1. Once the piece of chain linking L211 and L57 is laid out straight, how much longer is it, given 0.36 nm per residue of separation minus the C-alpha distance between them?
2. Once Lys and Arg get +1 and Asp and Glu get -1 on their Cβ, which of L30, S65, P18 lies farthest toward the positive end of the dipole of the range 9-199?
3. How far is it, in nm, from the label point at E14 to the one at L98 when both lie 7 Å from their Cα along the line to the Cβ?
4. First measure r as the distance between the Cβ atoms of V166 and D204, then evaluate 1/(1 + (r/R0)^6) with R0 = 30 Å and state the FRET efficiency to the nearest 0.05.
5. Please give the contour-minus-distance gain from W126 to L23: 0.36 nm per residue of separation, less the Cα-Cα distance, rounded to one decimal in nm.
6. Which value results when the Cα radius of gyration for the range 1-81 is divided by 2.2 N^0.38 Å?
7. Do any chymotrypsin sites (Phe, Trp or Tyr not before Pro) in the range 15-83 lie in a loop, going by DSSP, with at most 10 other beta-carbon atoms within 10 Å of their beta carbon, and if so which?
8. What does the highest-first list of 112-119, 166-173 look like by mean Cβ count within 10 Å?
Amino acid sequence: MVTEAYYPARLSGELDQPLSRWLWLVKWLLAIPHFIVLVFLWLALVVTTVISGFAILFTGRYPRSLFDYAVGVMRWTWRVSFYANGAFATDRYPPFSLADDPSYPATFTVDYPERLSRGLVLVKWWLLALPHLIIVAVFAGGWGFGSNEGWRTFGGGGLIAILAIVAAVILAVTGSYPRPLFDFLMGLNRWCFRVLAYVALLTDAYPPFRLDNGGPDPARPTPAPVLPTSPVNTPTPERVR
């Protein structure tokens, strides 16, 4: 049994407290090494996505090693965004790693699909995703893979970057990051990364048109409820008279 909100691409973030009032002013500078590495990772991701598209077309399966690479690049991107221009929600420097790091306050994962539609691979990344891409263009300031286009997946002057700066200014003035604004930013980023996973062919599940605000991703499988069992009435032997 799964929750109604379940989606195979899950993005979460935990707001660190307390945060430095002024570190956000230089985080973009501190993150430059990450930006340089991510340029090459995204360029490689364009190539591996094309290769994976052909693999899905002929076999119905996404090569597992390429799938893990794609999720790793998106995970790395989200950690840098959470630290810098997509949220400013932590002062912990992001790790240089594609692997999941449960100790870091920003996480991203996608369930590996055993089978994918061969026909959808031809249309889902542009035609079916078009309504979402228009919305993402507003949230993230544009859309694209690789090079400068790739940076738009995590804040290129759109609504996310603007609200993140607003939150940082409030932090500088009051010393406290506004929690409602953080939850809203998480919903915007979550929407963008769900669409990103769909466009990158990682899932056939169409992204929902909704904001799932808050730090933890609500789209997680939940175990089936354990129903109370009534005691079994077993016959007892008659009393020997």
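1. 52.3 nm
2. Highest projection toward the positive end goes to S65.
3. It works out to 2.6 nm between the two label points.
4. E(calc), rounded to 0.05, equals 0.25.
5. Length gained, W126 through L23: 33.2 nm.
6. Values: Rg = 17.1 Å, N = 81, 2.2 N^0.38 = 11.7 Å.
That ratio works out to 1.46.
7. Sparse-neighbourhood loop chymotrypsin sites (Phe, Trp or Tyr not before Pro): W22.
8. Values: 112-119: 13.5, 166-173: 16.4.
So the peptides 112-119, 166-173, ranked by packing, come out 166-173, 112-119.
All of the numbers you see were taken from the coordinates with simple rules; none came from a lab. Since we're looking at a predicted model, the values are computed, not measured. Please note: Cβ atoms are built from the backbone with ideal geometry, for glycine as well, and neighbour counts cover all protein chains shown.
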